[in-house]
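Remarks on the structure that follows.
The values are calculated or read from the model by the stated rules, or taken from the named source; none is laboratory data. Given the structure is predicted, the values throughout are model-derived calculations rather than measurements. Note: ideal-geometry Cβ built from the backbone for every residue, glycine included; neighbour counts use all protein chains shown.
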Amino acid sequence: MSSKIGISEGSGVREPLRQHRGLARLNMWNVYSYVYDLLPRYFRAYQRLLTDVVSAVEANTPKGGKILDSGCGTGNFSIELALRGYKVTGIDISRAMLERARLKKKKAGLENVEFKEWDIEKGLALYPDANFDCVVSVHALYTLREPEAVIREYLRVLKPSGHFIMAEPHSPVRIIPIAKEIYREGGLRDVVKLLLTQSGVGVCNLLIGKRLRDGSYHYWDEERLRNVLRYACFSIDGVVPAYAAGCDLLATAVKPRHCFQMNGYTFLSADSREDLEKVLRLRYQVYCIELGDQPKNQSGLERDVYDDYAMHFLAIDEKGRAVGTMRFVHNNPKGFEMDSDFPLTEYTRTNGLWRVLEGGRFVISKEVSHDARITVAFGLFKCLYDYCCETGIYDIFTVTRLKIIQKYSFPGVRQIGEPFRYSKALSGGLWVPVHCNIRQAYQNYLKSMLASTATA
């Protein structure tokens, strides 16, 4: 017996094996569903994976949220999530596995989980856009011919800010180290159960996996996994080793509220931990290293008390590097950063403006060429405009150089206070507080563009 055996829920495969002659007359899905159901009982590594995935869902998705368990197999993950109060839909291609999943549902007395027979390589056309709060996909992709297409479907059916949690193998399971660990913890009997279970899983995988042209599985390395998620427009929260002896990669990603691509750049809302860290590192580089406007620190991140109340937008180049960012602070108990130079909190209350944004921390990396800076700035402002249209918040406040407002002022943008000088390093002349109604400004901008086109 080989010391390396593949693992899978078997749910990514396109077609069950046909019943023809000899061994092929066996229903491999029935055999596989039985073998697979032994894993949560006898295999501690699988139990830990189950715990890790469920914990990731609970950490990122409010109770009562809608979960899609894609490639649900015999329902192990679906049942655990339903027991925790989520509304779960499990889909799988194997009727035999789904039968076992439904028996578990009945035994647990659950009404908030359902199971459907479906081939995920056909896409997810049975679900509309933005339908789920979270998508879980465990060992469902690495036997597919085009896993990238399925990941794009996961993005489509997720709600904005919804989480995607996936586990995929990046190497075969190494049985011998695991057997030694189990022998120490449980003795020879548990080792025998492990070997029998994993042998059954391996045999089923080898037979089912022959549907691929090369008769093998697609193992994922971290770089490829990150690139595929990023290309689909997911924001990555983290990728860590998981399952048996770290043979899996467990990834958590977020569907950004806003994401689009233009001229080789990706523009998105920084909804994930990794993207927010990119924002803060870029700000540190500019404000702490290049300008000296903020003090240096050990973390390499430039942050303040207003970041927790803000929406951050991020521009990323083709290499995945952060090249631009903007921050917009909502109404909050701490007031606004502008209050130190202009009484913005008092101004908004006096004028009956209860939903506003304060813009700031507008940064474009010096690595961006002069011609490309216009693209980066435009993309970030488009993110802002889309966000304002979504939320209905159109009143934006900021400070800018006096010469800029004098040169580019048009209806919808107006100065609301006297010019002042910054005491900080970025002074360089007079600055003024500005109020922009972004909807009005955008409409006037379109009118001026149409007028200039007609004149030309």
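Okay, here's what the table says:
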quantity	calculated
Qualifying residue in segment 440-451 (condition: modelled with pLDDT of 70 or more, assigned by TED's automatic domain parsing to the domain that holds GLU346 and part of a strand (DSSP E or B))	no
Cβ pairs under 7 Å, 6+ apart, first in segment 332-360 and under 19 Å from LEU384 (Cα atoms), second in a helix (DSSP H, G or I) and among the acidic types (Asp, Glu)	GLU358/GLU337; GLY360/GLU337
Qualifying positions in segment 341-363 - in contact with a Gly (Cβ under 8 Å, 6 or more places away or on another chain) and either of a type in the set (Lys, Arg) or surrounded by 19 or more Cβ atoms within 10 Å (Cβ to Cβ) (or both)	PHE342, LEU344, ARG355, VAL363
Test for THR51: is it out of contact with any Ser or Thr (no Cβ under 8 Å at 6 or more places or on another chain), of a type in the set (Ser, Thr, Tyr) and without any contact (Cβ under 8 Å) to a residue 40 or more places away in the chain	yes
Test: residue in segment 141-149 that is modelled with pLDDT of 90 or more and closer than 21 Å to PHE260 by Cα	yes
Check on ARG174, in contact with a strand residue (DSSP E or B) (Cβ under 9 Å, 6 or more places away or on another chain) and either outside the structural domain of GLY123 (by TED's automatic domain parsing) or modelled with pLDDT under 80 (or both)	yes
Among the residues listed as CYS388, CYS383, the single one being touching a strand residue (DSSP E or B) at 6+ places or on another chain (Cβ under 9 Å), surrounded by 13 or more Cβ atoms within 10 Å (Cβ to Cβ) and either within 19 Å of GLU277 (Cβ to Cβ) or hydroxyl-bearing (Ser, Thr, Tyr) (or both)	CYS383
Residue in segment 328-338 that is under 25 Å from the mean Cα position of the chain (by Cα), modelled with pLDDT of 95 or more and buried (at least 21 other Cβ atoms within 10 Å of the Cβ) present	yes
Pair list, Cβ < 8 Å and 6+ apart or interchain, from segment 211-224 residues that are within 14 Å of CYS247 (Cα to Cα) and modelled with pLDDT of 75 or more to residues that are small (Gly, Ala, Ser) and in a loop (DSSP other than H, G, I, E, B)	TYR219/SER171
Segment 286-299, residues that are over 25 Å from PRO333 (Cβ atoms) and crowded, with 18+ Cβ neighbours inside 10 Å	VAL286
The listed residue being surrounded by fewer than 18 Cβ atoms within 10 Å (Cβ to Cβ), outside any helix (DSSP H, G or I) and not assigned by TED's automatic domain parsing to the domain that holds ASP133, out of GLU318, GLU277, GLU302	GLU318
Qualifying residue in segment 404-421 (condition: within 34 Å of the chain's Cα centre (by Cα), in the same structural domain as LYS447 (by TED's automatic domain parsing) and surrounded by 13 or more Cβ atoms within 10 Å (Cβ to Cβ))	no
Residue among THR89, THR61 that alone is touching an Asp or Glu at 6+ places or on another chain (Cβ under 7 Å), more than 21 Å from TYR46 (Cβ to Cβ), touching a residue at least 60 places away in the same chain (Cβ under 8 Å) and buried (at least 20 other Cβ atoms within 10 Å of the Cβ)	THR61
Hits in segment 394-413 (condition: in contact (Cβ under 8 Å) with a residue 40 or more places away in the chain and either part of a loop (DSSP other than H, G, I, E, B) or more than 18 Å from TRP354 (Cβ to Cβ) (or both))	TYR394, THR398, VAL399
Some residue of segment 311-333 being among the polar types (S, T, N, Q) and under 18 Å from ALA377 (Cβ atoms)	yes
Looking only at segment 415-439, and only at residues there that are touching a strand residue (DSSP E or B) at 6+ places or on another chain (Cβ under 9 Å), in a loop (DSSP other than H, G, I, E, B) and within 22 Å of GLU290 (Cβ to Cβ), the one that is modelled with the highest pLDDT	GLY429
Selected residue (criterion: nearest to the chain's Cα centre (by Cα)) from residues of segment 36-58 that are of a type in the set (Val, Ile, Thr) and surrounded by 19 or more Cβ atoms within 10 Å (Cβ to Cβ)	VAL57
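Here's the yes/no breakdown for (1) touching a His at 6+ places or on another chain (Cβ under 6 Å); (2) over 15 Å from PHE164 (Cα atoms):
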site: GLU58; (1), (2): no, no
site: ASP69; (1), (2): no, no
site: LEU83; (1), (2): no, yes
site: ALA96; (1), (2): no, yes
site: GLU99; (1), (2): no, yes
site: GLU111; (1), (2): no, yes
site: GLU114; (1), (2): no, yes
site: TYR127; (1), (2): no, yes
site: CYS134; (1), (2): yes, no
